[in-house]
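Following: one structure in structure tokens, then a few remarks.
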Amino acid sequence: MDVKSNKATLPLPVRRALKKLGTDIRDARRRRRLPMALMAERASISRMTLTKVEKGDPSASMGAYARVLFVLGMTDRLAELADVRSDDVGLAIDEEHLPKRVRRSKRKTAR
């Protein structure tokens, strides 16, 4: 599958989120006054890969995004992406399956 068809199959909200992530990464790098060459070197990726990351290209690996976030000091945010405490849908489903009442278990007596 080529990259162009891969982009076309991504849902629009995903493409927008990746583009925003890339733009935010680029802006964070620029605020830190880090040239692309230095940023790529520190992240152990090529400048071409850094360009893909900053454009929000889905063909850039998750590892490349993670390395760049590490260099920017934002690894903690990466760890929070799918945190169970932020999973409102999952928490709501769990809550629906809570028992209506809780009974004390019958003790087995030792004979």
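The values are calculated or read from the model by the stated rules, or taken from the named source; none is laboratory data. Since the structure is predicted, the reported quantities are computational estimates derived from the model, not experimental observations. As a convention, Cβ positions derive from the backbone with ideal geometry for all residues, glycine included, and neighbour counts pool all protein chains shown.
Anything in the range 59-100 that is of a type outside the set (A, V, I, L, M, F, W, C) and at pLDDT below 80? List them, or say none.
Answer for the range 59-100, where residues must be of a type outside the set (A, V, I, L, M, F, W, C) and at pLDDT below 80: 83, 85, 86, 87, 88, 90, 94, 95, 96, 97, 99, 100.
For a quick check of your reading of the model, give me the residue pairs whose first member lies in the range 17-31 and is in contact (Cβ under 8 Å) with a residue 40 or more places away in the chain, whose second is surrounded by 13 or more Cβ atoms within 10 Å (Cβ to Cβ) and not in a helix (DSSP H, G or I), with beta-carbon atoms closer than 6 Å and at least 6 apart or on different chains.
If the second residue must be surrounded by 13 or more Cβ atoms within 10 Å (Cβ to Cβ) and not in a helix (DSSP H, G or I), the pairs left are 18/56; 18/58; 21/56; 28/72.
Just to be sure I understand, how many residues within the range 16-51 are among the hydrophobic types (A, V, I, L, M, F, W, C) and within 20 Å of residue 77 (Cβ to Cβ)?
The qualifying residues number 10.
Does the range 68-90 contain at least one residue that is crowded, with 17+ Cβ neighbours inside 10 Å, closer than 29 Å to residue 9 by Cβ and free of Cβ contacts under 8 Å to residues at least 24 places away in the same chain?
No; the residues of the range 68-90 include none that is crowded, with 17+ Cβ neighbours inside 10 Å, closer than 29 Å to residue 9 by Cβ and free of Cβ contacts under 8 Å to residues at least 24 places away in the same chain.
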